[in-house]
Amino acid sequence: MTSLDTIISLAKRRGFIFPGSDIYGGLAGTWDYGPLGVLLKENIKREWWRAARQLPEGKTFSLDSSIISSAKVWQSSGHTDHFTDPLVECKKCKRRFRADHIESDKCQECGGELTAPRSFNMMFKTSVGAVEDESSTAYLRPETAQGIFINFKNIIDAFHPKLAFGIAQIGKAFRNEITPRNFVFRSREFEQMELEYFCDPKDADKYFSDMRDARMQWFLDLGIKKENLRFHDYAPDELAHYSKATTDIEYRFGLSKDGFSELEGVANRTDFDLKNHFVGYRWVGDDFIRSEDGFIPNVIEPSVGVDRALLAFLIDAYDEDELAGDKRAVLRLHPKLAPIKVAVFPLVSNKENVVAKAREVFDMLNSDRSSLITAWWDDIGNIGKRYRRQDEIGTPWCVTVDYQTLEDGTVTVRDRDTAKQERVAISEIAGRFIEKLS
Ligand SMILES: [Zn+2]
């Protein structure tokens, strides 16, 4: 089992993820994504959008709602009153702890006396405009879902979709976690991928079950090992008050007793959210109007954090093996997710004609019109070291330009997983990579 420390160290050393505000001593629960982290995130999000827009029935509409949102949104959604953690405070050092995480009635830092538990809201509060008073209070959204619900009628009025249909959104969300921990598994600023699928209540069970399976398949298709994933179906007494059924897709992050923790949640949220925001509205015919008749659509919600998914993909892909007696670390990422698809090396960096030819090959791959290929140039150190560097960041293919290239127009293509090399004509390499990536 890959330890989290191994991944944190690799992520920093190789430019995936850095601690937030690092040079000023850090800010707990925040992370900065470096060049490779940005590419990996982009690839995960692209695959998620693809899946969200290819739902078997009905349309999926995309949305990008505002991060700063009216206090009224969170009043109606229940977050102002219920999105809280029970906290105790040390009377001596003023530190705060989660009431359900403490082991005695004394402060674990200084031994001081603790207060009785009080509820602490996890939303980040801010104020909008020049005057700071009650009326200017706004919140950074703690989830992207409510942005979808409050735009439900706007989508209906603009597109007149029939049930069932989805509204999907990827965006940042913020939670003032008391104890952010485990790297990007639980941070204060994170990115969510949420789909709300609206349907007739009589079809909700079927869509819930389909969605649950489809989301599991998404992770499997992108290379996560089957034995590291499982469903956790909630028992009736575990369900949130608004949910009729919830299943977590759990991944073996290695952070809990049995190793498994939540990766994604799939929930039947019933009509709870629409009922809260659109009091008195019903679905009648093909419209959502003020009415006594009709019904309120139910909603099936698969919700997953980009950061948490990225962590699962990194942990799952990490491997150590031996090549010709040498130990190597390799990220066996699915080629679709790999930040860099192909690295191009001149065999030697002091022979002008070899370097020029390699530049030509690099430029050709880098300007690939399918936009599927992300190419990387490396001419530092010997070839063996360059291979190791690419293995460690998950690059599926390395192309080396050597003396033979100048004679017959072929290069060596080396495969990350098998470390096998073969000679391929320059004219054929782009097509070969594109085929494997599409
Ligand atoms: Zn204390």
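Throughout, read-outs are computed from the coordinates displayed, never taken from laboratory work. It should be emphasised that the depicted structure is a prediction, and the values quoted were computed from it without experimental measurement. All Cβ positions, even for glycine, are placed from backbone atoms using ideal geometry, and neighbour counts span all protein chains on display.
Quick one: putting +1 on the C-beta of Lys and Arg, -1 on the C-beta of Asp and Glu, what dipole do you get for region 150-298 around its Cα centre, in Debye to the nearest 20?
Magnitude of the dipole: close to 420 debye.
Among D417, D237, D286, which one moves the most in a GNM of the chain with springs linking Cα atoms closer than 10 Å?
Its mean-square fluctuation being the largest, the pick is D237.
Quick one: length gained pulling N350 to H241 fully straight, 0.36 nm per residue minus the C-alpha distance?
Answer, rounded to one decimal: 32.4 nm.
Which value in nm describes the separation of the simple spin-label points at K45 and K12, placed 7 Å from the Cα toward the beta carbon?
So the label points at K45 and K12 sit 2.6 nm apart.
Count charges around K327 for me, please; just the other residues with Cβ under 14 Å from its Cβ, Lys/Arg as +1, Asp/Glu as -1.
-4
For a paramagnetic label modelled at 7 Å from the Cα of D408 toward its Cβ, which residues of region 356-388 fall within the zone defined by backbone nitrogen distances under 20 Å?
Only 357-358, 361 pass the distance filter.
For the cross-link pairs K94/K244; K91/K125; K226/K275; K172/K336, which exceed 30 Å when the distance is taken from alpha carbon to alpha carbon?
Values: K94/K244 40 Å; K91/K125 25 Å; K226/K275 38 Å; K172/K336 23 Å.
From K94/K244; K91/K125; K226/K275; K172/K336, over 30 Å: K94/K244; K226/K275.
Contour minus end-to-end for E134 and K385, with contour as 0.36 nm per residue of separation and end-to-end as the Cα-Cα distance? Before the final figure, lay out the partial values.
Working: separation 251, 0.36 × 251 = 90.36 nm, distance 5.99 nm.
The E134-K385 span can extend by a further 84.4 nm.
Quick one: helix 426-437 against the long Cα principal axis of the chain, what's the angle to the nearest 10°, folded into 0 to 90?
20
Using only Cα atoms and rounding to the nearest 10 degrees, what angle (0 to 90) does helix 4-13 make with the longest principal axis of the chain?
Compared with the principal axis, the helix lies near 60 degrees.
Let me check against my output: what whole-number percent is the relative contact order of the chain, with C-alpha pairs under 8 Å and at least 6 apart?
Over the chain, the number comes to 12 percent.
Just grab the label-to-label distance for E113 and R53, each label 7 Å out from Cα along the Cβ direction, in nm (one decimal).
6.2
Picking from G25, I8, M211, whose Cα lies most toward the positive end of the charge dipole for the chain (charges on Cβ: Lys, Arg +1; Asp, Glu -1)?
G25
Treating only the Cβ of Lys, Arg, Asp and Glu as charged (+1, +1, -1, -1), what charge dipole size does the chain show about its Cα centre? Round to the nearest 20 debye.
760
Which pairs in the list K12/K45; K41/K436; K45/K257 are over 26 Å apart, alpha-carbon to alpha-carbon?
Going by Cα-Cα distance, K45/K257 fall outside the 26 Å limit.
Can you give the net charge of the other residues whose Cβ lies under 10 Å from the Cβ of P201, counting K and R as +1 and D and E as -1? Before the final figure, lay out each step's value.
Details: positive: K202, K244; negative: D200, D203, D205, D271.
Cβ neighbours under 10 Å give a net charge of -2.
Toward the positive end of the charge dipole of the chain, about the Cα centre and with charges on Cβ (Lys, Arg +1; Asp, Glu -1), which of A235, L220, A116 goes farthest?
Checked the options; the winner is A116.
Roughly how many nanometres apart are two label points built 7 Å out from the Cα toward the Cβ at D258 and K125?
4.0
With +1 assigned to the C-beta of every Lys and Arg and -1 to the C-beta of every Asp and Glu, and no other charges, what is the dipole magnitude of region 340-437 about the Cα centre in debye, to the nearest 20?
Here region 340-437 has a charge dipole of around 240 debye.
Expected output is a single nm value to one decimal: the length gained when fully extending between R359 and D81, i.e. 0.36 nm times separation in residues minus the C-alpha distance. What is it?
94.1 nm is the gain from fully extending R359 to D81.
Can you list the aspartates and glutamates whose alpha carbon is less than 14 Å from that of K202, not counting same-chain residues fewer than 8 positions off?
Correct list for K202: D271.
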